[in-house]
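Coordinate-derived values only; no laboratory data. Just so it is clear, the structure is predicted and the values come from calculations on it, not from any experiment. Here the Cβ positions follow ideal geometry from the backbone for every residue, glycine too, while neighbour counts run over all protein chains shown.
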């Protein structure tokens, strides 16, 4: 052991992070300022601008149609949201919702193209698979550190850490979905003279839709699971209330806020699952 | 080889629509190297042992003429599915050429290849290859959509194509809602909607149950009457091959072992392998009157009287004889009893005792249909072409043909 001194891996990473922070400062600053403002507008002006009763009714109606006119989901959504409002956690809920929406959207926008690339190229699959494994197994807390280095504290680093944590399922499922399309259908497509893009958009993606949607559902759930962790670096929302409960040893406060997250999770999960239907099934 | 390249349709074609020359496919690494073993005549197994490469297709050469149904037939692993995919280059050939309309597909860049696939070649798949997320109509218009044809026009064409295969009422269903036979009709309609020059049908009916399969074969033949497409049909079913093929290529271990009409293959198997193959075939479906007829014994109505007729019958051991004129036009037949009676009465011609209820068939009548006729007939069946007697069929010849012997391929000189 003594032959090789301790390698300064931690120092290397620090240096790399510092270099990145300095070099891309303009970009990080831009994201921090403008994107941060935008998130704030969405959460505070748009979502919180909607009267609570109207918001609950709209979600209720949507739930009714999305679930195929069944009352279960509708009742759950209406009662659940009313409960959160009743506990005076509405603003926190809207902030959390915003965080989840942004993190999920960005994850999907990044994840689907990477998934397609992975499906089309063996090389890409070989490179991306270990990267995805790394992203998913690295404890999520670790992502908070560079997030703070790049974007200081607030919603933006919260979204950043959530995206890293939540993107892998979308990439994996997109890859899987495209690769699962039967060989004969690919041959049929080729035999009729499709270009690569035609094959992708007319055959592969539509056929992989169900699998990709399952991946997106996973991504949304993972983003939601980052809410409490992200609140440690200042992301507003229900997570913050949980942390407050922890710091003050108030079991009740923490539990109620946690319940709010569960309610939001169930509503989002059922919505995305019910939207996942395919033509011709 | 000199070749005329033809792109414009109005010109007269003087090359076959598909020409395959020395086409080989070897799977695995260093496939090019292994091709030299093919030229040395090594077998598939030897090459696998020597190089670890699998021979898919071994120097196949054949031509397909316009409007012909050319069947490639072989057992699984014989390379027939690989061969059809080499023709539209779903699989890259290792060596050799495929000419479509005189253009070498193997040397085309991907853009030209795409054009050929869009305009000239359509494919029908064994497991149908339908897109489950598209309706029947959307499936049928796929080829046209890919070409960027205007929406209304392509819907119109796709509808026509679907009507042709009898699915006009199902255009808004999804493939999953249809039976296997109907799904393959959609597959056929999709291929036809492009109005291609060549249809490649890869075991198109093999996934269907026997009754539906036969129905589809009949329909294909019926459609072919009016379409006159060039069809390359792959099958492992010899009965199917014999039923629909104008010509058949038999494959074994990646090699074409014989090419010929159904009759040629049945009657003159090129080697033991083909012979074994055709052993169990129901010959009655393939052989025709022409193949089993014998040279007829006749008397001339103008020249011969009852005495000559009786003499001939006695000599040949016949109980009846056909009566023709000098131009071999058939007039009827006379029986031994009637003739002896006429001889006793000193009649000088056969007109008085001529019988005209002749059991007759044409040279192309399949043997199957001859069974019933010959069963009810007291005299040999006459084979007649344009009023002229070409030959006769006796019961013994039918049995002999079924047993697989005594068949004459091209009729006989008469």
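The angle between the Cα long axis of helix B:306-316 and the main principal axis of chain B comes to about 60°, on a 0 to 90 degree scale.
When the alpha carbon gyration tensor of region B:289-402 is reduced to an equivalent ellipsoid, the three semi-axes, largest first, read 25, 14, 11 Å.
Projected label points at residue B:403 and residue B:160, each 7 Å from Cα along the beta carbon direction, are separated by 5.6 nanometres. Both numbers refer to the Cα atoms of chain B; Rg and Dmax are 27.3, 90 Å. If you take the Cα centroid of region B:123-193 and the Cα centroid of region B:291-341, the two points sit 60 Å apart.
Find the relative contact order for region B:289-402 and round it to a whole percent, using C-alpha pairs within less than 8 Å whose residues are 6+ positions apart. Can you show the working numbers first?
Working: 194 pairs, mean separation 35.5, N = 114.
Contact order relative to length: 31 percent.
Of interest is the spacing of the C-alpha centroids, which for region B:45-66 and region A:175-210 amounts to 29 Å. Cβ-to-Cβ counts within 10 Å put B:341, B:172 in ascending order as B:172, B:341, the fewest first. Only Cα pairs under 8 Å and 6+ residues apart enter the sum, and on that basis the relative contact order of chain B stands at 15 percent.
Treat the count of other C-beta atoms within 10 Å as a stand-in for reagent exposure and order A:46, A:117 from fewest to most. All intermediate terms of the calculation are to be shown ahead of the outcome.
Numbers: A:46 11, A:117 17.
Going from least to most buried by this count: A:46, A:117.
Please find the FRET efficiency linking residue B:284 to residue B:385, where r is the Cβ-Cβ separation and R0 is fixed at 25 Å, and quote it to the nearest 0.05.
With R0 = 25 Å, the Cβ-Cβ based efficiency is 0.75.
Considering only B:42, B:402, B:242, the Gaussian network model of chain B with Cα springs below 10 Å gives its largest mean-square fluctuation to B:42. Under conditions of 25 °C and 0.890 mPa s, the protein assembly as shown yields 76 µm² s⁻¹ as its translational diffusion coefficient, taking Rh as the Kirkwood radius over Cα pairs in the Stokes-Einstein equation.
Annotation for residue B:369 and residue B:92: the two label points, set 7 Å from Cα along the Cα-Cβ direction, are 5.2 nm apart. Rounded to the nearest 0.05, what FRET efficiency is calculated for residue B:50 and residue B:112 with R0 set to 41 Å and r the Cβ-Cβ distance? Working from the Cβ atoms, E equals 0.70.
Considering only B:312, B:118, B:190, the Gaussian network model of chain B with Cα springs below 10 Å gives its largest mean-square fluctuation to B:312.
Of the residues B:123, B:201, B:108, the one that moves most in a GNM of chain B with alpha-carbon contacts below 10 Å is B:108. Estimated from helices alone, the mean residue ellipticity of chain A at 222 nm is -25000 deg cm²/dmol (sum of -39500 (n - 2.57) over DSSP H runs with n ≥ 4, per residue). Separation of region A:62-117 from region B:217-277 is 62 Å, based on Cα centroids.
With a simple spin-label model that places each label point 7 Å from the Cα along the Cα-to-Cβ direction, the separation between residue B:151 and residue A:12 comes to 5.7 nm. For residue A:251 and residue A:195, the FRET efficiency from 1/(1 + (r/R0)^6), where r spans their Cβ atoms and R0 equals 60 Å, is about 0.50. Taking the fewest neighbouring Cβ atoms within 10 Å as the starting point, the ordered list for A:55, B:125 is A:55, B:125.
Taking chain B as the reference, fit the longest principal axis to its C-alpha atoms, fit the long axis of helix B:367-376 to the helix C-alpha atoms, and give the angle between the two in degrees, 0 to 90, nearest 10. Value to nearest ten degrees: 20.
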